[in-house]
Each structure stands twice: as C-alpha cells, then as structure tokens.
Amino acid sequence: MTPGILADAAIAALFETGALVTERPLDGDQIQPASLDLRLGARAFRVRASFLPGRETPVRTKLDRLKLHEVDLSEGAVLETGCVYIVPLMERLALPAGLSASTNPKSSTGRLDIFTRVMVDGGQEFDKVPAGYHGELYIEISPRTFPIIVRAGSRLSQIRFRSGNALLNEEQLVDLHASERLVSTGDANISGGGIALSIDLEGDEHGLIGYRGKRHTGVIDVDRKAAHDVLDFWEPIHRRQAAEMVLDPDEFYILVSREAVHVPPLFAAEMTPFDPLVGEFRVHYAGFFDPGFGHDPAGGAGSRAVLEVRSHEVPFILEHGQIVGRLVYEHMAERPNALYGTDLSSNYQAQGLKLSKHFRSID
C-alpha cells in the first residue's frame, strides 16, 4: 500500500473488503476527500467521568461500571452541558496490519464547543486507532457551552486512515510552501514540524473580530442547518483600539486566523495542539483540513482557519498577529476523486470568520 492518507476511493474500498463495517447503509456524503464521518449509534450512556479503557480492557467493561443511565437516541435526545456521555458508533473496524487511523471532531462540532474524543478497546490514548485494530469505536461527548439534540446517525466526529509515515518534515514543508503557498504570508513561520497560524484581531469592515458563547441558552439540534438565530447563542466581539482582547477563563470564543490557508490536492493538514508554555489556552478542537481547502480551483481562495478558543485557569491577553497554532501536512496516498469545496458544496470553503452551519446568517 502506498504510504499516505487514504483518499475517498480507498475509504470506499475498505467497506468492500470488510475492513470497515457499518450497521446501516452509508449516507451519500459520509465519505469526505480524506476522511469518513462517523455516526452515533442508537444508545448513549451517561457516565460518572471520562475514562480510557487501558491495555487489553474492553470499553464496555469500564462502561458497565461507570454508567449512570442509558439514553435512547433513536428518536433524538438532549445531551446536557457539563455531563459526559459514551456512545457506541455505527461503524466498526477490522483494519489490515499496515493501516492505522486517527479521529477528530468535525468542524461544526468544534464550533459548537462540543468536546468529543473517540476511543477503542484496549486504547491508552484518545483519537488514535492502532494499525490492525479489530473492534468497535466509541465516542465520548461532553457539551461545554450549549445543550444539544443528537440522534442515531448524527455525525460529530471523523476518522482519517493512514498507511505508513505520511508526515512532511520541515524541509519538505519549506519546499511545498515555496511552490504552493500554504499560507498567505510570504515569510511563513515553519518550525516545530508545522507552519504557524496567528490570530486576526483587526476584524472585518465592521470591526467584528469574533464571538463569545452565551450561557443558559436553548438547545441546538446538531442535524439542522440554519435553524438558530446567532444572537440567541452568541455575543459578537468588536475590535478594540489596541487590537487585543482578554480571554476570560472557561469562556468559549470563535475567532479567525490572520492567514489564509491552502491545502493542495495531494496533501491533507491538521491543526496540532498549541504549546501550553506559550499561553494557557486551547485552540481549535476540530483539526482536520481536507485536500482542496483554500485551493483556488476548488473555490477556496482566501479561506481562513476558524479557531475555537478557550482560556484555562487565568485570564489571558491575545494580541493581533500572535501565533496560536501550527498546521502539519501529510502526503495523500492518491489524489481524491472530489476535493473539499465546490466538488462537495462544502460548508466552510472560502470562509472568513464564520460560525457553524447551524446558525442563520446575519444580514
């Protein structure tokens, strides 16, 4: 198998060979250019606390001990903020020996401040599936800011399959940026294995720089597009004269990168966790960028990275242009049949500062 991230055709082939099995037929748009959306099963279990199963321990063994009650998702149910739920997923794996996988929240999931992580039987890390894994997949869900409605078949997370070592080193990143312009700044900061992204606090022509999530709101249905009014859930934040802002502890913010991002068709990218030594905050819960994001022929010129930001413990001042994260790039094993963007009517191509698809646009 060619080293790299599996593209859409190869993901479809996993179902044909039995490496991927699902409880019901796939949704028409479930396979993405470099990932597969994962669907919730029919039951959720509220648990006392988050956990990992640990070496050689099935998830269900700990689930039986830690569950508080069971929630039927077949007709839809509300998951409350501050609670932890475990849901077996519809998809299960029987991976060949040379194929591993990783998972990440979908973009819309991160923008709603829904904390999700996937785990496997015998797992000692979240969001990592070892090569050759045979077994079920489970998702941990913890809504942080808004209560949500989910149902069997809702898609909160995605999985990316990987053969061998696909990661670009710094020298390869420098060469790729020189030929493909990965970010819109010419003097890209490439270090630590990735390319730096910084924060935009100058805003648009109206001075809008971001949004802060409101507390004590109504519920958000994760399967309904353009169903909610922005101002019922979000407080707009406008530019201050000093082009800086204070992150209040444990508040949730939607901000945007200063740089436009480009992921060429033969590559996939991911936002890596930010170094806590540079500031006590977390950026970007949903880290996958598919081939074609920000790619001009796919309608993506000027696409910026929307950043989900939360400060921890203490207030923290962000300044315009401050580095808040890094993108790492990986080779695709082959070019996808469909690129992110116009090929798929993707929700976030050519985006600037943009909330999730669940909210109606403000005119």
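Would you confirm whether any residue within segment 35-55 is open to solvent by 40 Å² or more (accessible area, probe 1.4 Å), in contact with a Leu (Cβ under 9 Å, 6 or more places away or on another chain) and assigned to a strand (DSSP E or B)? Yes, some residue in segment 35-55 is open to solvent by 40 Å² or more (accessible area, probe 1.4 Å), in contact with a Leu (Cβ under 9 Å, 6 or more places away or on another chain) and assigned to a strand (DSSP E or B). Could you tell me which residue of segment 165-197 is most open to solvent (accessible area, probe 1.4 Å), considering only residues that are in a loop (DSSP other than H, G, I, E, B) and closer than 30 Å to residue 90 by Cα? That would be 165. Condition test on residue 176, is it out of contact with any His (no Cβ under 9 Å at 6 or more places or on another chain) and of a type outside the set (Lys, Arg)? When the stated conditions are applied, residue 176 passes them.
Checked against (1) crowded, with 20+ Cβ neighbours inside 10 Å; (2) in a strand (DSSP E or B), residue 201 passes all but condition (2).
Being under 26 Å from residue 14 (Cα atoms) and touching a residue at least 24 places away in the same chain (Cβ under 8 Å), is that true of even one residue in segment 73-81?
no
Please determine whether any residue of segment 230-239 is modelled with pLDDT of 85 or more, among the aromatic types (Phe, Trp, Tyr) and touching a Ser or Thr at 6+ places or on another chain (Cβ under 6 Å). Checked against the condition, which is being modelled with pLDDT of 85 or more, among the aromatic types (Phe, Trp, Tyr) and touching a Ser or Thr at 6+ places or on another chain (Cβ under 6 Å), segment 230-239 yields at least one hit. For segment 60-96, a residue qualifies if it is more than 23 Å from the chain's Cα centre (by Cα), among the hydrophobic types (A, V, I, L, M, F, W, C) and within 24 Å of residue 161 (Cβ to Cβ), and exactly one does: 94.
Among residues of segment 264-283 being charged (D, E, K, R) and in a strand (DSSP E or B), the one that is modelled with the lowest pLDDT is 282.
Screening residue 294 with (1) touching a strand residue (DSSP E or B) at 6+ places or on another chain (Cβ under 9 Å); (2) modelled with pLDDT of 90 or more; (3) in a loop (DSSP other than H, G, I, E, B) gives one miss only, at (2).
Applying the set (1) touching a residue at least 12 places away in the same chain (Cβ under 8 Å); (2) more than 24 Å from residue 42 (Cβ to Cβ); (3) not hydroxyl-bearing (Ser, Thr, Tyr) to residue 216 leaves exactly one unmet item: (1). Looking at segment 76-164, the strands (runs of 3 or more DSSP E) lying wholly inside it that each contain 2 or more residues that are open to solvent by 10 Å² or more (accessible area, probe 1.4 Å) sit at 77-79, 84-94, 99-105, 114-120, 134-143, 155-163.
Residues are listed down the side, and each one gets a yes or a no for (1) at pLDDT 90 or above; (2) within 22 Å of residue 9 (Cα to Cα); (3) touching a strand residue (DSSP E or B) at 6+ places or on another chain (Cβ under 8 Å):
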site: 303; (1), (2), (3): no, no, yes
site: 328; (1), (2), (3): yes, no, yes
site: 343; (1), (2), (3): no, yes, no
site: 363; (1), (2), (3): no, no, no
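The values are calculated or read from the model by the stated rules, or taken from the named source; none is laboratory data. Only a predicted model underlies this, so the values are computations on that prediction, with no experimental measurement involved. In this analysis, Cβ positions are derived from the backbone assuming ideal geometry, glycine residues included, and neighbour counts consider all displayed protein chains. For the accessible areas, the whole protein counts, side chains as well, though only heavy atoms, and no ligand, DNA or RNA atoms are used. Shrake-Rupley method; radii C 1.70, N 1.55, O 1.52, S 1.80 Å.
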